[in-house]
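Visitor: Mind having a look at this structure? Questions to follow.
The values are calculated or read from the model by the stated rules, or taken from the named source; none is laboratory data. Everything numeric here is computed off the predicted structure, so don't read it as measured data. All Cβ positions, glycine included, derive from the backbone under ideal geometry; neighbour counts span all protein chains shown. Surface areas here come from the heavy atoms of the whole protein model, side chains and all, with no ligands, DNA or RNA. Shrake-Rupley method; radii C 1.70, N 1.55, O 1.52, S 1.80 Å.
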Amino acid sequence: MRRLLRSRASLVLRWSCLLLLTIPGEPAFGESRNPTRPHPDSESRTLVSWVDGQPRVEVKVQVASLLEVLPSLEVGDGELLDVARLEAARPAVAEYVDDHLRVVVGGAEVLFEEGTVAFVEPDGARSPDGWQWVRVASSGLGPVVAEGAPALLVEMVLFLETSPGHLDTLVVRWPDALPDVAVLSAGISTWSGSPGESLRRGQVVDGALGALLGVGWLSVALLLAAGAGTVRERSSRLFVPWLGGAVLAGSAELAAPGLFGQWMEARTAGLAAGIVAVYLGLDGVLDRDRRRLAWEGLAAGLVTGVAASLHPDLLPNALDPGLARAGFMGALLATTGLGGLLLARIAARLGSALPLVVAVAGLVVFALRALGSLGPGT
């Protein structure tokens, strides 16, 4: 700099040289240009789940992030990474994830080095968010190295060296509990946790409570209205048709979740349940000796099953592990049936008093549901 200022060159030449010095990153001046300028909205997504009892981790990363940390990946401006170049870089991609994402399950570390590496979209197309994504799946578990460790430990330092603002969305889908969601970053890069209460057990309890507090009194009304002759014999000829209708509607919901929700709102099912209860209760009071037909029991059972399938406590499919939904429906039907049979025997000694109470209760619940104060399962 001093030589340049004292040189005999013209003033224009000296000032031109000084201006060249202000251009950053030119190799001629002993500085290297940083090719890993962080791209905006740098993020990744980590999913921890269990398949056949074994933990599985899937990490979705942006190709733009991989280009910043893996010199072997070369893509021109505006171009997409192709399948051949991704396959050639598969070991490097898996190794990078293995080195920068630590997942420990029960004291054993999850391995990525032999895992699969593939595009998220077919042929590496851009996703709707405009980015090209790659999915890296784990290959298995290593030996247990830490006894007494938490059920799950996640340490994330992905792409922080090139994108300090990088965010990773962690989703943990426990095999029998509600999922956990966390966002990891440079500030909070570690997460640990354990599964909550059993969903299957909780759904069984919810099903039993739903029968007692919600749709259960539908079957009670049916059995009380079954007629003096059948009740005095301590049996109900309508119970089997009702049970068949409830099981049929419940099975349809299990086979095709959301089936009834496509053409009937939960509020409509709740109102229909109230109407059926009022009808059966009044019918038992006004014409107790009439012989009831099987289709009446079947219809009431279908209404019960539809109302149960739209119960607000049922979990969405994405959060419904294994037999949680089946446990709810089974507990609801079993509790409803046992409670209905028990109260039907009691009603044989009370005459028309109990059916009248059920009819009035159905009318009250119908009014409350019409006003929006009660849902179909409450």
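Visitor: In the range 178-192, what residues are touching a Pro at 6+ places or on another chain (Cβ under 7 Å) and touching a residue at least 40 places away in the same chain (Cβ under 8 Å)?
Guide: Filtering the range 178-192 for residues touching a Pro at 6+ places or on another chain (Cβ under 7 Å) gives 186, 192.
Passing the criteria: only Ser192.
Visitor: Now for a different question. One residue is enough: does the range 90-98 have a residue meeting the conditions open to solvent by less than 20 Å² (accessible area, probe 1.4 Å) and without any contact (Cβ under 8 Å) to a residue 24 or more places away in the chain?
Guide: Taking every residue of the range 90-98 in turn, none turns out to be open to solvent by less than 20 Å² (accessible area, probe 1.4 Å) and without any contact (Cβ under 8 Å) to a residue 24 or more places away in the chain.
For every residue, the table says whether it meets (1) acidic (Asp, Glu); (2) surrounded by 21 or more Cβ atoms within 10 Å (Cβ to Cβ); (3) more than 30 Å from Val181 (Cα to Cα); (4) modelled with pLDDT of 75 or more.
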{"position": "Asp313", "(1), (2), (3), (4)": "yes, no, no, no"}
{"position": "Leu319", "(1), (2), (3), (4)": "no, no, no, no"}
{"position": "Gly322", "(1), (2), (3), (4)": "no, no, no, no"}
{"position": "Met329", "(1), (2), (3), (4)": "no, yes, no, yes"}
{"position": "Leu332", "(1), (2), (3), (4)": "no, yes, yes, yes"}
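Visitor: Those residues that are closer than 17 Å to Asp123 by Cα, open to solvent by 20 Å² or more (accessible area, probe 1.4 Å) and either in contact (Cβ under 8 Å) with a residue 24 or more places away in the chain or not in a helix (DSSP H, G or I) (or both), I need them from the range 62-85; list them, please.
Guide: Hits for the range 62-85 are Ala64, Val75, Gly78, Glu79, Leu80, Asp82, Val83.
Visitor: Name the pairs: first residue in the range 253-264 and of a type in the set (D, E, K, R), second residue modelled with pLDDT of 70 or more and assigned to a loop (DSSP other than H, G, I, E, B), Cβ to Cβ under 8 Å, at least 6 apart or on different chains?
Guide: Within 8 Å, the pairs are Glu253/Leu259.
Visitor: Mind checking which strands (runs of 3 or more DSSP E) fall wholly inside the range 93-141 and carry at least 3 residues that are under 13 Å from Val61 (Cβ atoms)?
Guide: In the range 93-141, the matching strands (runs of 3 or more DSSP E) lie at 117-119, 133-137.
Visitor: Looking only at residues in the range 168-186 that are open to solvent by 50 Å² or more (accessible area, probe 1.4 Å) and in a loop (DSSP other than H, G, I, E, B), which one is nearest to Arg45 (Cα to Cα)?
Guide: Restricting to residues being open to solvent by 50 Å² or more (accessible area, probe 1.4 Å) and in a loop (DSSP other than H, G, I, E, B), the top hit is Arg173.
Visitor: I'd like the full set of residues that are out of contact with any helix residue (DSSP H, G or I) (no Cβ under 7 Å at 6 or more places or on another chain) and modelled with pLDDT of 70 or more, limited to the range 267-294.
Guide: Residues of the range 267-294 that are out of contact with any helix residue (DSSP H, G or I) (no Cβ under 7 Å at 6 or more places or on another chain), as a first pass: 268, 279, 283, 286-287, 290-293.
Within the range 267-294, Thr268, Tyr279, Asp283, Leu286, Asp287, Leu293 qualify.
Visitor: Quick test of your reading of the structure: Glu155 fulfils all but one of (1) at pLDDT 90 or above; (2) out of contact with any Lys or Arg (no Cβ under 7 Å at 6 or more places or on another chain); (3) open to solvent by 40 Å² or more (accessible area, probe 1.4 Å). Name the failing condition by number.
Guide: (2)
Visitor: Please go through the range 187-212 and give me each residue that is open to solvent by less than 50 Å² (accessible area, probe 1.4 Å), under 29 Å from Arg45 (Cα atoms) and over 17 Å from the mean Cα position of the chain (by Cα), ordered by number.
Guide: Of everything in the range 187-212, those that are open to solvent by less than 50 Å² (accessible area, probe 1.4 Å), under 29 Å from Arg45 (Cα atoms) and over 17 Å from the mean Cα position of the chain (by Cα) turn out to be Ser189, Trp191, Gly193.
Visitor: Considering only residues that are open to solvent by less than 80 Å² (accessible area, probe 1.4 Å), among the charged types (D, E, K, R) and in contact with a strand residue (DSSP E or B) (Cβ under 9 Å, 6 or more places away or on another chain), which ones fall in the range 102-152?
Guide: Of everything in the range 102-152, those that are open to solvent by less than 80 Å² (accessible area, probe 1.4 Å), among the charged types (D, E, K, R) and in contact with a strand residue (DSSP E or B) (Cβ under 9 Å, 6 or more places away or on another chain) turn out to be Glu109, Glu121, Arg135.
Visitor: Of all the residues that make up the range 42-61, how many are of a type outside the set (Lys, Arg), touching a residue at least 40 places away in the same chain (Cβ under 8 Å) and either part of a loop (DSSP other than H, G, I, E, B) or open to solvent by 80 Å² or more (accessible area, probe 1.4 Å) (or both)?
Guide: Residues of the range 42-61 of a type outside the set (Lys, Arg): 42-44, 46-55, 57-59, 61.
After this cut, where a residue has to be touching a residue at least 40 places away in the same chain (Cβ under 8 Å) as well, the list is 42-44, 46-50, 53-55, 57-59, 61.
This time we only want the ones that are either part of a loop (DSSP other than H, G, I, E, B) or open to solvent by 80 Å² or more (accessible area, probe 1.4 Å) (or both), so: 42, 53-54.
Count: 3.
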